[in-house]
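Some notes on the structure that comes next.
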């Protein structure tokens, strides 16, 4: 399927407003539609995983999170945070702690890298 990124953007915005209003089911619908138009967008997949988590659908959220890999458009720390959140929801405290530690380590590394580049 060819990507249609321009058509996905209004759906992402619509999902944002639904989520801000606590209408997670509507946000999920918009994100799923946007992801169908732009299937390789890691942030859309992450946003859909978040909506699924908010709806208590952790198994489906896990599928989206498992499909993601860190990269230029999706920092390691961001992905680690949401994997930690999923583990927390599932009651997997040790897994959550490890993920949150990875999130903090990535955030600290990014700050140090930014400070070094600024010199």
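Projected onto their three principal axes, the Cα atoms of segment 1-95 cover extents of 41, 29, 20 Å, largest first.
The C-alpha atoms of the chain define a longest principal axis, and helix 93-118 lies at about 70 degrees to it.
With the cut-off at under 15 Å, measuring from each backbone N in segment 45-62 to a point 7 Å along the Cα-to-Cβ line of residue 93 picks out no residue. With an a/c value of 1.5 or above and a/b not larger than b/c for the gyration tensor axes a ≥ b ≥ c computed over the alpha-carbon atoms, segment 39-119 is described as oblate. Report summary: the helix-based calculation at 222 nm, which adds -39500 (n - 2.57) for every DSSP H run with n ≥ 4 and divides by the residues of the chain, gives -25500 deg cm²/dmol.
Can you tell me the relative contact order of the chain? Whole percent, Cα pairs under 8 Å, sequence separation 6 or more.
Numbers: 131 pairs, mean separation 19.7, N = 119.
Over the chain, the number comes to 17 percent.
Helix 42-54 and the longest principal axis of the Cα set of the chain meet at an angle near 80°.
Throughout, read-outs are computed from the coordinates displayed, never taken from laboratory work. Remember, it's a predicted structure, so these values are computed and weren't measured experimentally. In this analysis, Cβ positions are derived from the backbone assuming ideal geometry, glycine residues included, and neighbour counts consider all displayed protein chains.
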